[in-house]
Amino acid sequence: MAVVGFWALGWTLGSSAERMARDRAEVAVVDALTPVCVTRFEAQADAVTKLTELKKISSWDQRSFIEKGGWATTPGSATPNSDVATACAEKLGKTT
């Protein structure tokens, strides 16, 4: 019966549920902070120049560019959020 419950009914262990909740929370944080990163990037005086620079570098280096610029660092944090930086670079790369 337990096998059927886990397989067919979608039961999960406590550790699996915690992992899934943590993953969902991390996705929610990235979703919430990416627009903030984009807005901060676009609000700078030389945003057009920086956007041109961002688009010239490889996608692998764009995250680092955003991190170094400080746009993916949330107030009260000392380090940038790499996932936010990646999402921010992707979103900025799609702007024209």
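Looking across region 38-56 at every residue that is surrounded by 13 or more Cβ atoms within 10 Å (Cβ to Cβ) and among the hydrophobic types (A, V, I, L, M, F, W, C), the one that is farthest from the chain's Cα centre (by Cα) is identified as Ala47. One residue stands out among those in region 63-79 that are aliphatic (A, V, I, L, M) and touching a residue at least 12 places away in the same chain (Cβ under 8 Å): the one that is farthest from Lys50 (Cα to Cα), which is Ala72. All conditions in (1) touching a Phe, Trp or Tyr at 6+ places or on another chain (Cβ under 7 Å); (2) open to solvent by 40 Å² or more (accessible area, probe 1.4 Å); (3) of a type outside the set (Gly, Ala, Ser) hold for Thr74, with the sole exception of (1). Exactly one residue among Val36, Val48 is at pLDDT 85 or above, closer than 24 Å to Ser77 by Cα and β-branched (Val, Ile, Thr), and that residue is Val36.
As for region 60-83, it holds no residue that is touching an Asp or Glu at 6+ places or on another chain (Cβ under 7 Å), hydrophobic (A, V, I, L, M, F, W, C) and at pLDDT below 95. Checked against the criterion of being aliphatic (A, V, I, L, M) and modelled with pLDDT under 90, the candidates Ala43, Ala28, Ala8 yield just one match: Ala8. Pairing residues of region 24-46 that are closer than 14 Å to Ala89 by Cβ and in contact (Cβ under 8 Å) with a residue 24 or more places away in the chain with residues that are open to solvent by 70 Å² or more (accessible area, probe 1.4 Å) and of a type outside the set (Lys, Arg), at Cβ distances under 7 Å and at least 6 apart in sequence or on separate chains, gives Val30/Asp83.
The values are calculated or read from the model by the stated rules, or taken from the named source; none is laboratory data. The structure presented is a predicted model; accordingly, all values stated were derived computationally and were not measured. When we count neighbours, we look across all protein chains shown, and the Cβ atoms used for this are built from the backbone with ideal geometry, even at glycine. Ligands, DNA and RNA are stripped out before the accessible areas are found, and what is left, the full protein with its side chains, is counted by its heavy atoms. Shrake-Rupley method; radii C 1.70, N 1.55, O 1.52, S 1.80 Å.
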